[in-house]
Amino acid sequence: MGDMSNSDFYAKNQRNEGNHTAGFGCSVMELRSLMELRGTEAVLKLQEDYGGVEGLCTRLKTSPTEGLTGATTDLDKRRELYGKNLIPPKKPKTFLQLVWEALQDVTLIILEIAALISLGLSFYHPPEDTTGASCGAAAGGAEDESEAEAGWIEGAAILLSVVCVVLVTAFNDWSKEKQFRGLQSRIEQEQKFQVVRGSQVIQLPVADIVVGDIAQIKYGDLLPADGVLIQGNDLKIDESSLTGESDHVSKAADRDPMLLSGTHVMEGSGRMVVMAVGVNSQTGIIFTLLGAGIVEEEEKKEKKGKMQDGNMEINQTKVKKQDGAAAMEMQPLKSAEGGEADDKERKKVNVSKKEKSVLQGKLTKLAVQIGKAGLLMSAITVVILVLNFVIDNFVLQKRPWMPECTPIYIQYFVKFFIIGVTVLVVAVPEGLPLAVTISLAYSVKKMMKDNNLVRHLDACETMGNATAICSDKTGTLTTNRMTAVQFYCADMHYKEIPDPGALPSKSLELLISSISINSAYTSKILPPDKEGGLPKQVGNKTECGLLGLVLDLKRDYQPIRNQIPEEKLYKVYTFNSARKSMSTVVKLPDGSFRMYSKGASEIVLKKCNRILNEVGEPRVFRPRDKDEMVKKVIEPMACNGLRTICVAYRDFPGVPEPAWDDEADILSDLVAITVIGIEDPVRPEVPDAIRKCQSAGITVRMVTGDNINTARAIAIKCGIINPGEDFLCIDGKEFNRRIRNEKGEVEQERMDKVWPKLRVLARSSPTDKHTLVKGIIDSTMVEQRQVVAVTGDGTNDGPALKKADVGFAMGIAGTDVAKEASDIILTDDNFSSIVKAVMWGRNVYDSISKFLQFQLTVNVVAVIVAFTGACITQDSPLKAVQMLWVNLIMDTFASLALATEPPTESLLKRRPYGRNKPLISSTMTKNILGHGVYQLVIIFTLLFAGEKIFDIDSGRNAPLHSPPSEHYTIIFNSFVMMQLFNEINARKIHGERNVFQGINKNPIFYSIVLGTFVVQIFIVQFGGKPFSCQPLDIEKWMWCVFLGVGELLWGQVMATIPNSRLRFLRRAGQLSQKDELPEEDVNEDNEEIDHAERELRRGQILWFRGLNRIQTQIRVVNAFRSSLYEGLEKPDSRTSIHNFMTHPEFRIEDSTPHMPLIDATTDEESARINRKYSSQPSSPNKNNNAIDSGINLNIDSSKSAASSSPASPLHSLETSL
């Protein structure tokens, strides 16, 4: 939010102060200062200075009932004078800034320095006469003039490739930023608001609202601008985003009419006149202050930072920063969102979201470990090369160090240094963060097409790990098209809507008036959009269903509403989750009052003491009549999946006027008119979507406000519950009774008895939903922490959406508050879109794994080749520039190719991975090591026997600056060919045989592979000196390609080897998420580091086990002691460990995810291990005698202790036992 843009805004406003009114009776500043007043002070000021709200409207040339005319000239004039309803967003980073950031990479900086030294030295020529004789081997070789002059090329080529890498990285960042901006503006366009213009109610994008507009506000809205209330019903506002006060503020035109932008409507409805928009609104003012502050601070920081810390700090945070990039990226963009001041609050929320991402945690860890391993290797490489050179020249050949030879020696040392750095460059997977970002950004873009609008990037990946979905019923599982299909009136139960003549005229009139008046006037039924379509329902869908009934009874609700407009309604008790009903009071012509009421049938019927009989006269309605009504009318309706609504009324005398604030008294002694059964059919695609979820290992639970019979009927239709299963369907009351103790506090232990079997929670309040989500997330009874997704549409769903790992808000029916709290918005409100989100989430995880499998193979091979080559032949077979090209292939291009694989249905056929499963499964470890061995055998064969096989000159031990050899070119070319074909192998990570399956659906993939191939031909044939390549003839090319194709055949061989044969791999795969993998990978081939490491690790394991045993024993003693004492008084209060024991089935299921679940062999083994351990607890002895519990607890808690300390090698050891 640059300084400039805001000060421009103000300058403009100040200028306009001059012509102050420009035809309007108020200036910007006047309105701004007016909006700073609150409560009675504001009411007085309005009365004194403007003559109330009407006077204010007159000055602003608008009508409180008809709104603005909507003429373009008038709107433009208002925008010019009062500003637009936009808060200018923060300026995006320029391409150059991104380039500068990419340059901060440590490895690149080291390479640049090395290249510059190499360049400088290549221009130095020693005096002629001394060279040959005295510097000996150092200068030896086939140096002619042109060769000596070409010495600069290597340095220049390295610089050039660094430039390439930097530009690619910067471009990626830039396009990423652009995508986020696009996404953000898409979210903003989604937000519309109801405004009255030319006496028509229209939906406007928030940005188009101008000062003087009459806005209609209702429950769940996020106010887009500041305004003054003209008329309100029972309006309550949550102003915590501005004031920090969490209590809801009651608003009324005569008490406190000031409404502020960025606040949420929690109850009621009303109309306001817009007074300040954009930067002049209260939120805008705060943002402006924030924005100006941030920009100034940034500038100061930048100046300081450049001078002091160079780039040390930046690089330490680099890995973390890039991994967190996905989560943090959304941060600056929030400012543009129609202005919320709860920015600080949002930051808090986002931070917690960020910590949650499973994948990013695992990746950061892995990247750091691989980096360390690479650094070690490169350091050793340099040391060995330097020692070798020094010993060979100065010890064995006893040469003196000559001053004039110094530059030549330094040149050698620089060459060694460059080789070392190159090893490091190849070892460090810079492509990891890139692959994550590309994969997430690509998925987010594609998810838009699947009706998922992702607000927080990492939600997309978390969704792949989801184990539970708590879904709303209305609108998500059902179509949200309510139609009245049955009703009970005048002592008759009509199974279909009767002819109006069949009803007593008195009852009919009361019914029609009650529905027409006692519903929000914003709910209407409009003619269909296209011929023959269904009528369009606008507003609250339940009310639309009732209005539909009025139309079915051949009447119209509009004339009644015109006769009693909204201003004439005497008092409105709006619907909220506590009341579960809505009532409206009107004044009748004779001065008396009539109140119409409607709501959930069992709640309204409780308040009725009379009912209309067959001639439309009230008769007594006794408790036993109520019970009969429930049994004969309400339950049969509910069992058909109908939602039942009761409509009632009550008459009050005009004098004395009733005490309207005494709600309990007013809402009693009602006269029931009718009970209506409203059908909301299940969406046709939902049962299939729920089946898919269940086969994917995700439990779907329905949480609804409807009554239990309706909920159960719908749950059976959807397939959430199937006959013969062991499940719970309970309502909110029963749920609270089961999970709360005597003091009314929720106990996790009680919760753990309820949630595993709970499938339907009916008549639930928003707090119940939040409690359930929190209970499932906090539960420790299963080894893998549950990952919970929640859907919500109402304002009151906000807390549950925020608490969940992934919150889905409804795009159509959802309120702004719900959207604000969510991570993903379902633009079509459809449950089957959630299944698509799961698919995409799992696809992201798999894409990253594919990339890792490919990347680590290249890493292992390149590092070992460079290392051994350098140690044996004093020169890396792969030159610095070639390594950078390989790095470019495997980092940037491979991450693009493998991260954009489209998802397939097969992703939904396996269980979720869970948090503890290592990123690299045993199948992947097998592939990485297997392909590594293949490539190493080929390369070392070529390196040490290549010249004999192809009958060419050997390239080994070539002197400095010698021309490129065909021998080394063949090695380089074969290496790249093998990577290209291995990239195809990497498309499958679960041991599938057909690696080409679905390749034609991914044009990005095959175009990148072909493109890389073409560029490789150019590099080899025309790369010459800079790429250290000698052109090859067609026969040698064929051999290189043949060796590459061998990768595919070798892949089939690898797929044949069962994982169970490779027991040692399980450990490598398991440890990947812990701290060991990279060393293991490198160490497989380097015994010299291995022994010390292994000893150390063995020591650690023994130490951990010892410690663990002691902890376990203490825990057993404590548990035993507590059960002894407590068991005497209340046998129920067993500690949680004992609970574990009485539920062996939970433990069996939940220790499985430690094994990679995809490989069948592993699965059986794990089951075997578990059977061995858990045969004990199923002993019928529920009291757990000491011996029993001793043994069991030992196993059990050692497991939990191991898993609780994620870095403990013990955990992997236990499982590999």
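The values are calculated or read from the model by the stated rules, or taken from the named source; none is laboratory data. A quick note: this is a predicted structure, and the numbers were derived from the prediction, not measured. Backbone-built Cβ (ideal geometry, glycine too); neighbour counts: all protein chains shown. The area values use the complete protein model at the heavy-atom level, side chains included, leaving out ligands, DNA and RNA. Shrake-Rupley method; radii C 1.70, N 1.55, O 1.52, S 1.80 Å.
Here A789 meets each of (1) in a strand (DSSP E or B); (2) within 13 Å of L453 (Cβ to Cβ) with one exception, condition (2).
For region 964-994, a tally of residues being open to solvent by 10 Å² or more (accessible area, probe 1.4 Å) and outside any helix (DSSP H, G or I) returns 8.
Residues checked against (1) in contact with a helix residue (DSSP H, G or I) (Cβ under 8 Å, 6 or more places away or on another chain); (2) closer than 27 Å to P89 by Cα; (3) acidic (D, E):
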residue: Q189; (1), (2), (3): no, yes, no
residue: R197; (1), (2), (3): no, no, no
residue: L222; (1), (2), (3): yes, yes, no
residue: Q231; (1), (2), (3): yes, no, no
residue: E239; (1), (2), (3): no, yes, yes
residue: D247; (1), (2), (3): no, no, yes
residue: S250; (1), (2), (3): no, no, no
residue: H264; (1), (2), (3): yes, yes, no
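Quick test for you: out of N480, N562, N540, N518, pick the one residue that is over 18 Å from G677 (Cβ atoms) and crowded, with 19+ Cβ neighbours inside 10 Å. Of N480, N562, N540, N518, the one residue that is over 18 Å from G677 (Cβ atoms) and crowded, with 19+ Cβ neighbours inside 10 Å is N518.
Here is a check on your reading of the model: is R610 more than 22 Å from G794 (Cα to Cα), over 52 Å from the mean Cα position of the chain (by Cα) and in contact (Cβ under 8 Å) with a residue 12 or more places away in the chain? So R610 fits the description; yes.
Considering region 737-763, and only residues there that are closer than 25 Å to G641 by Cβ and open to solvent by 30 Å² or more (accessible area, probe 1.4 Å), the residue that is nearest to the chain's Cα centre (by Cα) turns out to be R759. In the set (1) over 41 Å from the mean Cα position of the chain (by Cα); (2) within 26 Å of D625 (Cβ to Cβ); (3) not aliphatic (A, V, I, L, M), R555 fails one condition alone, (2). Would you confirm, using the coordinates I've provided, whether E112 is in contact (Cβ under 8 Å) with a residue 40 or more places away in the chain, surrounded by fewer than 14 Cβ atoms within 10 Å (Cβ to Cβ) and within 41 Å of the chain's Cα centre (by Cα)? When the stated conditions are applied, E112 does not pass them. When region 79-89 is limited to residues that are open to solvent by 60 Å² or more (accessible area, probe 1.4 Å) and assigned to a loop (DSSP other than H, G, I, E, B), the one that is modelled with the highest pLDDT turns out to be K84. The listed residues are I716, I777, I720, and the only one of them that is open to solvent by less than 30 Å² (accessible area, probe 1.4 Å), out of contact with any Phe, Trp or Tyr (no Cβ under 9 Å at 6 or more places or on another chain) and among the hydrophobic types (A, V, I, L, M, F, W, C) turns out to be I777. All conditions but one from (1) open to solvent by 60 Å² or more (accessible area, probe 1.4 Å); (2) free of Cβ contacts under 8 Å to residues at least 12 places away in the same chain; (3) within 15 Å of G25 (Cα to Cα) apply to T72; the one that does not is (3). In the set (1) small (G, A, S); (2) outside any loop (DSSP other than H, G, I, E, B); (3) buried (at least 20 other Cβ atoms within 10 Å of the Cβ), the condition left unmet by G220 is number (2).
Considering region 567-672, the qualifying strands (runs of 3 or more DSSP E), each wholly inside and each with 2 or more residues that are open to solvent by less than 70 Å² (accessible area, probe 1.4 Å), run over 571-573, 581-587, 593-600, 608-612, 642-652. The set of residues from region 489-505 being open to solvent by 40 Å² or more (accessible area, probe 1.4 Å) and closer than 15 Å to V550 by Cα comprises E496, I497, D499, G501, A502, S505.
Name the single residue that is farthest from C646 (Cα to Cα) among those in region 559-593 being at pLDDT below 90 and of a type in the set (A, V, I, L, M). Filtering first and then ranking leaves L569.
Do we find a residue being at pLDDT 85 or above, open to solvent by less than 10 Å² (accessible area, probe 1.4 Å) and assigned to a loop (DSSP other than H, G, I, E, B) anywhere in region 809-822? Yes, because at least one residue in region 809-822 is at pLDDT 85 or above, open to solvent by less than 10 Å² (accessible area, probe 1.4 Å) and assigned to a loop (DSSP other than H, G, I, E, B). When the residues of region 903-930 are filtered to those that are farther than 16 Å from S849 by Cα and open to solvent by less than 30 Å² (accessible area, probe 1.4 Å), the one that is modelled with the highest pLDDT is G930. Scanning region 673-703 for residues that are open to solvent by less than 10 Å² (accessible area, probe 1.4 Å) and closer than 16 Å to T644 by Cβ yields I673, T674, V675, I676, G677, I678, D680. Looking only at region 225-272, which residues are assigned to a loop (DSSP other than H, G, I, E, B), open to solvent by 10 Å² or more (accessible area, probe 1.4 Å) and touching a residue at least 12 places away in the same chain (Cβ under 8 Å)? E239, A253, D254, R255 - these are the residues of region 225-272 that are assigned to a loop (DSSP other than H, G, I, E, B), open to solvent by 10 Å² or more (accessible area, probe 1.4 Å) and touching a residue at least 12 places away in the same chain (Cβ under 8 Å). Regarding E543, is this residue without any contact (Cβ under 8 Å) to a residue 60 or more places away in the chain, of a type in the set (D, E) and closer than 23 Å to S505 by Cα? For E543, the condition - without any contact (Cβ under 8 Å) to a residue 60 or more places away in the chain, of a type in the set (D, E) and closer than 23 Å to S505 by Cα - is met. Number of residues in region 935-960 that are under 54 Å from the mean Cα position of the chain (by Cα) and part of a helix (DSSP H, G or I): the value is 12. Pairs are defined by a Cβ separation below 6 Å, a sequence spacing of at least 6 or placement on different chains, a first member in region 748-771 that is without any contact (Cβ under 8 Å) to a residue 24 or more places away in the chain, and a second member that is assigned to a helix (DSSP H, G or I) and open to solvent by less than 60 Å² (accessible area, probe 1.4 Å); the pairs so defined are R750/I739.
Restricting attention to region 870-881, does a residue exist that is in a helix (DSSP H, G or I) and polar (S, T, N, Q)? Yes: region 870-881 contains one or more residues that are in a helix (DSSP H, G or I) and polar (S, T, N, Q). Residues considered: G798, G775. Of these, the only one that is over 25 Å from K753 (Cα atoms), touching a helix residue (DSSP H, G or I) at 6+ places or on another chain (Cβ under 9 Å) and not in a loop (DSSP other than H, G, I, E, B) is G798. Taking each residue of region 923-947 that is of a type in the set (F, W, Y) and looking for partners that are open to solvent by 10 Å² or more (accessible area, probe 1.4 Å) with beta-carbon atoms closer than 6 Å, six or more apart or interchain, yields Y934/W1050. Scanning region 90-121 for residues that are assigned to a helix (DSSP H, G or I), in contact with a helix residue (DSSP H, G or I) (Cβ under 8 Å, 6 or more places away or on another chain), modelled with pLDDT of 75 or more and aliphatic (A, V, I, L, M) yields a total of 5.
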